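K.L.:
Take a look at the following structure, please.
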Amino acid sequence: IGSTNIRIFEGKEGIKSISEEILEAKEKHVYSIGSVARILEATEGKFGYGERRRKKGIISQSLRFENDPRGKILHPLTDIRILPDNFEFPGYILIFDNKVAIIFFEENNKSIIITSGSFSLMMKSIFTFLWNRCATLGVTH
């Protein structure tokens, strides 16, 4: 499965660096858990990530909150399910390739990327477990 590497980032530039790394993903699939509204707040608005992701053909599966902005929910490369109201999650997780990025909103938007095949597999399993239990948006592509 390989070695483990951990990198630490700070602030909105760190979040943008993570986004740029996702755009270079080999698997062309990103899984995310958390509030897009909090990401937009942390990065002080949109910076073109979603549009560039779609242009590169990267599929996004997202577990979001009911009150999050919906954006391009009807796009065929975007699939969203809704987390339950009582799901407390003061961060954001992105899983792509053999990497897991975690953004901590309560800690001045510090973030980390863990590169580890086994950790990525564990997080994808947790994501799939949650995905299968969360509500759909009630829209079809």
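K.L.:
Step by step: first the residues of region 8-25, then only those that are in contact with a strand residue (DSSP E or B) (Cβ under 7 Å, 6 or more places away or on another chain) and open to solvent by 80 Å² or more (accessible area, probe 1.4 Å), then the one that is nearest to Met123 (Cα to Cα). Which residue is that?
P.N.:
Only one residue tops the list, namely Ile8.
K.L.:
Let me ask another. Does any residue in region 115-139 that is among the charged types (D, E, K, R) come within less than 6 Å, Cβ to Cβ, of a residue that is modelled with pLDDT of 95 or more and not in a helix (DSSP H, G or I) six or more places away or on a different chain, and which pairs are these?
P.N.:
Within 6 Å, the pairs are Lys124/Ile95.
K.L.:
Name the pairs: first residue in region 14-25 and more than 15 Å from Ile103 (Cα to Cα), second residue buried (at least 16 other Cβ atoms within 10 Å of the Cβ) and among the aromatic types (Phe, Trp, Tyr), Cβ to Cβ under 6 Å, at least 6 apart or on different chains?
P.N.:
Ala25/Phe96
K.L.:
How many residues are part of a strand (DSSP E or B) and within 14 Å of the chain's Cα centre (by Cα) if we restrict to region 9-24? Outline the logic, then answer.
P.N.:
In the first step, residues of region 9-24 are kept if they are part of a strand (DSSP E or B); the result is 9.
From the residues that got through so far, the ones that are within 14 Å of the chain's Cα centre (by Cα) too are none.
Residues in region 9-24 being part of a strand (DSSP E or B) and within 14 Å of the chain's Cα centre (by Cα): 0 in total.
K.L.:
Within region 1-26, restricting attention to residues that are of a type outside the set (A, V, I, L, M, F, W, C) and modelled with pLDDT of 95 or more, which residue is nearest to Asn108 (Cα to Cα)? Spell out the reasoning first.
P.N.:
The first filter runs over region 1-26 and keeps only residues of a type outside the set (A, V, I, L, M, F, W, C), leaving 2-5, 7, 10-14, 16-17, 19-21, 24, 26.
Add one more test, that the residue is modelled with pLDDT of 95 or more, and what stays is 5, 7, 21, 24, 26.
On the way: Asn5: 22, Arg7: 16, Glu21: 21, Glu24: 26, Lys26: 30 Å.
In this case the residue turns out to be Arg7.
K.L.:
Still on this structure, please answer the following. Could you list all residues from region 26-71 that are touching a strand residue (DSSP E or B) at 6+ places or on another chain (Cβ under 8 Å) and open to solvent by 60 Å² or more (accessible area, probe 1.4 Å)?
P.N.:
Passing the criteria: Glu27, Lys28, Arg38, Ile59, Glu66, Arg70, Gly71.
K.L.:
Would you confirm, using the coordinates I've provided, whether Phe87 is more than 19 Å from Arg133 (Cβ to Cβ) and either at pLDDT 90 or above or surrounded by 18 or more Cβ atoms within 10 Å (Cβ to Cβ) (or both)? Outline the logic, then answer.
P.N.:
Numbers: more than 19 Å from Arg133 (Cβ to Cβ): no; either at pLDDT 90 or above or surrounded by 18 or more Cβ atoms within 10 Å (Cβ to Cβ) (or both): yes.
Spelling it out, it is not the case that Phe87 is more than 19 Å from Arg133 (Cβ to Cβ) and either at pLDDT 90 or above or surrounded by 18 or more Cβ atoms within 10 Å (Cβ to Cβ) (or both).
K.L.:
I need every pair where a residue in region 43-64 that is in contact (Cβ under 8 Å) with a residue 60 or more places away in the chain and within 16 Å of Ile95 (Cα to Cα) has its Cβ under 6 Å from the Cβ of a residue that is among the basic types (Lys, Arg) and surrounded by 12 or more Cβ atoms within 10 Å (Cβ to Cβ), sequence separation at least 6 or different chains.
P.N.:
Taking only residues 6 or more apart or on different chains, the pairs are Leu63/Arg81.
K.L.:
Let me ask something else about it. Answer yes if at least one residue in region 92-103 is in a strand (DSSP E or B), in contact with a His (Cβ under 9 Å, 6 or more places away or on another chain), within 27 Å of Asn132 (Cβ to Cβ) and of a type in the set (Ser, Thr, Tyr), and no otherwise.
P.N.:
There is no residue in region 92-103 that is in a strand (DSSP E or B), in contact with a His (Cβ under 9 Å, 6 or more places away or on another chain), within 27 Å of Asn132 (Cβ to Cβ) and of a type in the set (Ser, Thr, Tyr).
K.L.:
Identify, by number, the condition in (1) at pLDDT 95 or above; (2) under 12 Å from the mean Cα position of the chain (by Cα) that Ser60 doesn't meet.
P.N.:
Ser60 satisfies all of (1) at pLDDT 95 or above; (2) under 12 Å from the mean Cα position of the chain (by Cα) except (1).
K.L.:
For region 36-53, name all the residues that are modelled with pLDDT of 85 or more, touching a Leu at 6+ places or on another chain (Cβ under 8 Å) and of a type outside the set (Ser, Thr, Tyr).
P.N.:
Arg52, Arg53
K.L.:
Scan (1) over 12 Å from the mean Cα position of the chain (by Cα); (2) without any contact (Cβ under 8 Å) to a residue 60 or more places away in the chain; (3) open to solvent by 20 Å² or more (accessible area, probe 1.4 Å) for the single condition Ile102 breaks and write down its number.
P.N.:
(1)
The values are calculated or read from the model by the stated rules, or taken from the named source; none is laboratory data. Every value quoted in this text rests on a predicted model; they were computed, and no experiment measured them. No Cβ is skipped: glycine too gets one built from the backbone with ideal geometry, and neighbour counts run over all protein chains shown. In case anyone asks, the SASA skips ligands and DNA or RNA and just uses the protein heavy atoms, side chains included. Shrake-Rupley method; radii C 1.70, N 1.55, O 1.52, S 1.80 Å.
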